[in-house]
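*Asks:* Here it is: the structure, laid out below.
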Amino acid sequence: MHGTKKIVTALALIVLLPALFYSVYEISALDETEEMVSEMYRRQLDAVLFSVNQHALDVASGWATQLENDPRGGAARLRSSNPSVIGVLTDDSSWNRGTPLLRDRAETFDRLARYQAAAYRKLEPSPAGDSAFLILFVPASDPARRVGILVNSERFIDGVVGQKLRDIAQNDFIIAVRRRSTGAPLYSTSPGTAMEGAQTRQLWIFPDHDVAIRLRGVTIQEAARERFSRNLALIGIMDAVLLAAAWFVYRTIRREMELVALRADFVSNVSHELRTPLSLIRMFAETLQMKRVTSDAKRQEYYTIILHETERLTRLINNILNFSRMESDSRKYQLQPTRLDELVEGVLTVYAYKLESLSFTVVKEVEPSLPAVMADGEALAEALHNLIDNAVKYGGEGRFLRIAVRRSSDGVAIAVEDRGIGIPAEHQGKVFDKFYRVSHGLVHTAKGSGLGLAIVRHIVQAHGGHIAVESAPGRGSTFTIHLPLRAA
Ligand code: ADP
């Protein structure tokens with residue numbers, strides 16, 4: 001349908017394209033956001049590591065100052081108050097003992113002396129074996145001296161660095177110190193916890209060692225990945241909702257358009273339905289007026305035709321009026337205890353002549369002693385009229401009508417059965433829609449407005465009941481009205 005294409009294009013432009021662009025944008029932005037988050041974490045961790053290194057430097061700096069201030073007794077005091085200090089080495093025999101460990105580092109000391117000449121006492125860490133390191137410096141008080149504080153690395157990490165690490169880690173991070181070469185852990189604020197995905201930096205004071213840090217619970221990557229998949233899921237849900245909304249709008253508009261098309265058919269159908277009986281009435285009335293009909297029997301027949309065509313017109317106009325009242329919700333029903341056997345009998349009497357003249361076989365099966373139901377007798381009769389009308393109209397060659405009234409599990413069931421053309425399964429759900437007519441096969445030749453079954457359903461639902469159809473093409477149809485039994 002041309003119009004449908006337009007709707008699809010409009011929806012695609014208004015809803016789906018922006019949604020698509022937004023999703024693509026969000027997904028590409030997600031990556032950037034995750035990178036930003038990782039970067040933020042990285043900087044935070046760098047800050048943490050910086051403070052650890054700074055702390056170690058401060059401690060070492062304090063030791064150096066202590067030695068400068070007290071060249072004689074400082075070394076002994078340092079050792080006694082700091083378990084990680086193994087000894088103080090100096091090239092001056094008056095400071096403990098001179099040592100090859102210092103001579104090996106002559107170049108470093110030359111550099112440190114140059115710093116000292118510029119009034120800056122720089123400390124330089126230097127590994128000394130597997131479990132010790134030296135902190136080298138040139139004292140300001142005596143720039144000719146070379147001093148090295150020999151430190152036990154495990155004790156230093158445990159006592160000095162570890163304390164600081166625990167303060168920083170609290171409950172948020174896990175921080176560990178590992179040997180750079182082997183990755184073997186020396187210290188951890190949470191011993192035994194794996195450190196995959198941890199950020200690492202070299203430990204300044206002990207250069208062949210790393211400090212590794214990660215978030216407690218999840219690693220940054222895990223956290224970023226979790227956020228990413230959560231956002232992705234949200235975008236997915238949002239897209240699904242948008243798609244569903246677009247689908248809903250599309251379906252509603254398509255339905256409305258179908259309805260517009262059906263309504264147009266309705267106008268031409270009804271015009272046709274009005275014109276046929278009118279021209280028949282006019283034709284037979286003119287013939288009678290001209291007194292061309294000589295036999296009494298023929299005259300009688302023409303009168304009967306005129307009468308029936310008038311009834312047909314009345315029913316059609318009633319249907320249209322009732323339908324319009326139904327549409328504006330102004331149709332009211334007066335429910336009263338109603339005897340169904342009488343009601344069915346009355347309706348069949350109206351049809352007796354027509355059914356007989358069309359040589360229909362009529363079967364009426366009304367269960368004896370049925371209770372009265374609460375119903376609007378006139379409306380219910382109208383519903384039956386419409387069902388019988390259809391059974392005749394679409395009755396085909398079967399020419400059979402059965403009306404059965406019986407008690408059912410939830411009330412009373414009134415079935416109207418024919419052996420006519422039947423309704424294909426795919427149309428069965430729609431025949432109760434207003435204006436809907438099955439548009440193929442024999443039906444085309446039968447006249448109708450497409451309102452009958454819509455009116456029937458409205459009446460039945462107003463009684464708190466429901467209507468069902470069973471039908472097979474070529475075999476016939478059974479429409480069953482189910483009415484609840486209410487206390488009268
Ligand atoms: P109308 O008969 O005026 O077209 P209805 O609402 O009464 O409108 O019926 C809707 C459509 O359902 C009909 O056009 C017809 O195609 C189909 N239909 C209704 N009753 C029968 C029946 N007894 N047998 C076959 N088709 C039927």
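The values are calculated or read from the model by the stated rules, or taken from the named source; none is laboratory data. On a predicted model such as this, the values are computed, not experimentally measured, just so you know. Here the Cβ positions follow ideal geometry from the backbone for every residue, glycine too, while neighbour counts run over all protein chains shown. With ligands, DNA and RNA removed, areas are computed over all heavy atoms of the protein, side chains included. Shrake-Rupley method; radii C 1.70, N 1.55, O 1.52, S 1.80 Å.
*Asks:* With charges only on Cβ, +1 for K and R and -1 for D and E, what is the dipole size of the range 332-484 about its Cα centre, in debye, rounded to 20?
*Replies:* Using only the charged Cβ atoms, the result is roughly 360 debye.
*Asks:* Using alpha carbons only, how many degrees (0 to 90, rounded to 10) separate the axis of helix 2-11 from the longest principal axis of the chain?
*Replies:* Helix 2-11 sits at roughly 30 degrees to that axis.
*Asks:* Quick one: with all protein chains in place, what share of the accessible area of the range 1-56 is carbon or sulfur, to the nearest percent (1.4 Å probe)?
*Replies:* Using a 1.4 Å probe with all protein chains present, the range 1-56 comes out at 68 percent carbon and sulfur.
*Asks:* So how much slack lies between residue 23 and residue 285, counting 0.36 nm per residue of separation and subtracting their Cα-Cα distance, in nm?
*Replies:* Stretched fully, the residue 23-residue 285 segment lengthens by 87.0 nm.
*Asks:* With +1 on each Lys and Arg Cβ and -1 on each Asp and Glu Cβ, and nothing else charged, work out how big the dipole of the chain is about its Cα centre, in Debye to the nearest 20.
*Replies:* In total the dipole reaches around 500 debye.
*Asks:* Another question, if that's okay. So for the range 1-217, averaging the separation of alpha carbon pairs under 8 Å that are six or more residues apart and normalising by length, what relative contact order in percent results?
*Replies:* Rounded, it is 17 percent for the range 1-217.
*Asks:* Can you give me the angle between helix 220-289 and the longest principal axis of the chain, using Cα atoms only, in degrees from 0 to 90, rounded to the nearest 10?
*Replies:* 10 degrees
*Asks:* Go through the range 65-78 residue by residue and turn each phi into a ³J(HN,Hα) via Karplus (6.51, -1.76, 1.60, θ = phi - 60°); whole Hz please, and just put x for glycine and proline.
*Replies:* So the J values, rounded to whole Hz, are 4, 4, 5, 5, 6, 9, x, 8, x, x, 4, 5, 5, 4.
*Asks:* Modelled label-to-label distance, residue 378 and residue 180, 7 Å Cα→beta-carbon offset: nm?
*Replies:* About 10.3 nm, to one decimal.
*Asks:* How high is the relative contact order of the chain, in percent, counting Cα pairs under 8 Å that sit 6 or more residues apart?
*Replies:* Relative contact order, the chain: 10 percent.
*Asks:* For the chain, take the longest principal axis of its alpha carbons; what is the angle in degrees between that and the long axis of helix 340-357, to the nearest 10 within 0 to 90?
*Replies:* 60 degrees
*Asks:* Please state the charge dipole magnitude for the range 1-217, taken about the Cα centre, from unit charges on C-beta atoms (+1 on K and R, -1 on D and E), reported in debye and rounded to the nearest 20. Kindly include the intermediate steps, with their values, before the conclusion.
*Replies:* On the way: 25 positive and 25 negative charges, 49 e Å.
For the range 1-217, the charge dipole is close to 240 debye.
*Asks:* So if we plug the beta-carbon distance of residue 447 and residue 239 into 1/(1 + (r/R0)^6) with R0 = 41 Å, what FRET efficiency do we get, rounded to 0.05?
*Replies:* 0.25
*Asks:* Rounded to the nearest whole Å², what accessible area per residue is found for the range 167-229 with the 1.4 Å probe?
*Replies:* Accessible surface, normalised per residue, equals 50 Å².
*Asks:* So, by mean Cβ neighbours within 10 angstrom, what's the order for 152-159, 384-391 with the highest one leading?
*Replies:* Peptide ranking by packing, descending: 384-391, 152-159.
*Asks:* Using the heavy atoms of the protein chains and a 1.4 angstrom probe, tell me the accessible area per residue for the range 332-484 in square angstrom. Don't skip to the answer; put the middle values down first.
*Replies:* Details: 7030 Å² over 153 residues.
Result: 46 Å² of accessible area for each residue.
*Asks:* Next question. Determine the per residue accessible area of the range 236-328 with all protein chains present and a 1.4 angstrom probe, expressed in square angstrom.
*Replies:* 69 Å²
*Asks:* Of 425, 398, 469, whose Cα points farthest to the positive end of the dipole of the range 332-484 (charges on the beta-carbon: +1 Lys, Arg; -1 Asp, Glu; origin at the Cα centre)?
*Replies:* 425
*Asks:* If you wrap a convex hull around the C-alpha atoms of the chain and split its volume per residue, what is the figure in Å³?
*Replies:* Numbers: hull volume 135.3 nm³, N = 488.
So the per-residue Cα hull volume is 277 Å³.
*Asks:* I need the semi-axes of the equivalent ellipsoid of the range 259-344: take the C-alpha gyration tensor, multiply each eigenvalue by 5, square-root it, list largest first in whole angstrom.
*Replies:* Whole-Å semi-axes of the equivalent ellipsoid: 34, 22, 9.
*Asks:* Another question about this same structure. Rounded to two decimals, what is the ratio between the C-alpha radius of gyration of the range 285-327 and 2.2 N^0.38 Å?
*Replies:* 1.68
*Asks:* Let me ask something additional. Can you give the helix-only mean residue ellipticity at 222 nm for the chain, where every DSSP H stretch with n ≥ 4 adds -39500 (n - 2.57) and the sum goes over all residues, rounded to the nearest 500 deg cm²/dmol?
*Replies:* The per-residue figure over the chain is -17500 deg cm²/dmol.
*Asks:* Still on this structure: Using 0.36 nm times the number of residues separating residue 122 and residue 292, minus their current alpha carbon distance, what extension gain do you get?
*Replies:* Working: separation 170, 0.36 × 170 = 61.20 nm, distance 13.78 nm.
Computed gain between residue 122 and residue 292 is 47.4 nm.
*Asks:* As I understand it, the dipole of the chain uses +1 on the Cβ of Lys and Arg and -1 on the Cβ of Asp and Glu, about the Cα centre. Which of 411, 266, 159 lies farthest toward its positive end?
*Replies:* 266
*Asks:* Still on this structure: Please name which of 207, 23, 175 has its Cα lying farthest along the dipole of the range 1-217 towards the positive end, using unit charges on Cβ (Lys, Arg +1; Asp, Glu -1) and the Cα centre as origin.
*Replies:* It is 207, whose Cα lies furthest towards the positive end.
*Asks:* Over 19 Å between Cα atoms, which of 354/393; 298/354; 364/447 qualify?
*Replies:* Over 19 Å apart, Cα to Cα: 364/447.
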